[in-house]
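The values are calculated or read from the model by the stated rules, or taken from the named source; none is laboratory data. The shown structure was predicted, so the numbers you read here are calculated from the model rather than taken from an experiment. Here Cβ is always computed from backbone atoms with ideal geometry, including for glycine, and neighbour counts include all displayed protein chains. Note: areas computed on protein heavy atoms with side chains; ligands, DNA, RNA excluded. Shrake-Rupley method; radii C 1.70, N 1.55, O 1.52, S 1.80 Å.
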Amino acid sequence: MSPPHPPPPPPPRAVICVGDVHGYISKLESLWANLQTALPPDAFATALVVFLGDYCDRGPSTREVIDFLLALPARHPAQRHVFLCGNHDLAFAAFVGALPPPLDGSPFSATWGEYIQNEENEGWYRGPGHERMHCQGRRWGGIMKEKRNPKRGSSYMGSIYDARPTFESYGVAHGSPDLMKAVPEEHKRFLHNLVWIHEEENVPIDTNEGQLICKLIAVHAGLERSIDLNEQFRVLRTKDTRVSKVAMLSGRQDVWNIPKDLAGKQTIVVSGHHGKLHMDGLRFVIDEGGGYADRTIAAIVFPSKELIRSTEGTASQN
């Protein structure tokens with residue numbers, strides 16, 4: 001009598017990558033409900049969920065968004081949750097004293113020099129505590145002299161980061177040092193613990209040639225084409241806060257494509273940040289919302305590459 005066939009291996013864990021939330025709690029709740037409906041119950045219950053960063057600014061409910069994210073491990077204990085740091089989150093953390101200090105003991109004021117020529121126009125924060133603040137925190141809490149943002153076709157919400165709604169979600173006026181006391185310690189810990197990169201081995205992805213098993217790299221903006229890849233990984237893995245502006249969290253064209261060193265290596269690179277949806281080979285940019293009130297926020301599910309959207313803010317879907 002032949003031995004029984006071993007049971008088939010369980011299907012690979014679903015990987016969900018969620019685009020920028022930017023303070024829109026109703027969209028986040030809607031997207032989460034739609035993910036729960038779209039995925040088989042077991043797949044949703046055990047998924048790896050990677051949030052791609054930028055939880056704050058622009059939308060009205062940053063405080064509630066962070067509360068929602070903090071509650072996920074208790075609500076879904078069999079899921080794994082990864083919270084990436086976006087450029088907005090880094091700046092928020094810097095303002096409220098939650099940014100990890102430089103490992104070499106250098107002061108955060110050492111980050112000012114590279115961009116000090118913008119201090120006047122961007123109205124950098126100069127209130128209590130600014131002397132010990134990373135330059136991105138000073139920019140975040142500042143007040144723009146130029147009121148119109150030509151790139152977005154709208155007015156700046158306080159600072160160059162559109163941070164005023166974040167201040168107001170904690171009940172304080174934009175630019176007020178009172179925010180440092182108003183943000184709960186639990187939220188500061190959340191900001192402090194955000195990772196700058198997530199690397200996941202053995203992620204399946206469906207392609208026209210069949211299913212590939214890939215390494216997945218998630219980073220808020222992307223990997224820079226002109227900086228040595230090992231140096232980028234060092235900065236991201238160690239959260240090197242000596243850097244004035246982290247290109248991999250805030251760059252644009254220079255981080256759009258997969259770097260040549262990774263081309264052909266079966267590596268998926270997933271980002272948010274760019275205010276658009278882009279899927280080309282193994283490069284994915286999942287930021288349909290971009291912090292605009294009338295746009296959905298989206299998530300992508302691997303291996304199927306299915307896109308799931310919030311059903312709040314659907315004006316741009318048609």
| Single residue of Ala14, Ala71, Ala47 found to be hydrophobic (A, V, I, L, M, F, W, C), surrounded by fewer than 17 Cβ atoms within 10 Å (Cβ to Cβ) and at pLDDT 95 or above | Ala71
| remark: Of the residues in region 117-144, those that are part of a helix (DSSP H, G or I) and open to solvent by 10 Å² or more (accessible area, probe 1.4 Å) come to Gln117, Asn118, Glu119, Glu120, Asn121, Glu122, His130, Glu131, Arg132, Arg139
| Out of all the residues in region 293-305, which are open to solvent by 40 Å² or more (accessible area, probe 1.4 Å), touching a residue at least 40 places away in the same chain (Cβ under 8 Å) and either in contact with a helix residue (DSSP H, G or I) (Cβ under 7 Å, 6 or more places away or on another chain) or not aliphatic (A, V, I, L, M) (or both)? | Ser304, Lys305
| request: Give the residues of region 204-241 that are in contact (Cβ under 8 Å) with a residue 60 or more places away in the chain, under 16 Å from Gln266 (Cβ atoms) and within 20 Å of the chain's Cα centre (by Cα), sorted by residue number. | output: Leu216, Ala218
| said: Let me spell it out: the conditions are (1) open to solvent by 30 Å² or more (accessible area, probe 1.4 Å); (2) more than 19 Å from the chain's Cα centre (by Cα), and Thr111 meets all of them except one. Which number is the exception? | reply: (1)
| Could we say that Pro165 is assigned to a loop (DSSP other than H, G, I, E, B) and either without any contact (Cβ under 8 Å) to a residue 60 or more places away in the chain or open to solvent by less than 50 Å² (accessible area, probe 1.4 Å) (or both) here? | no
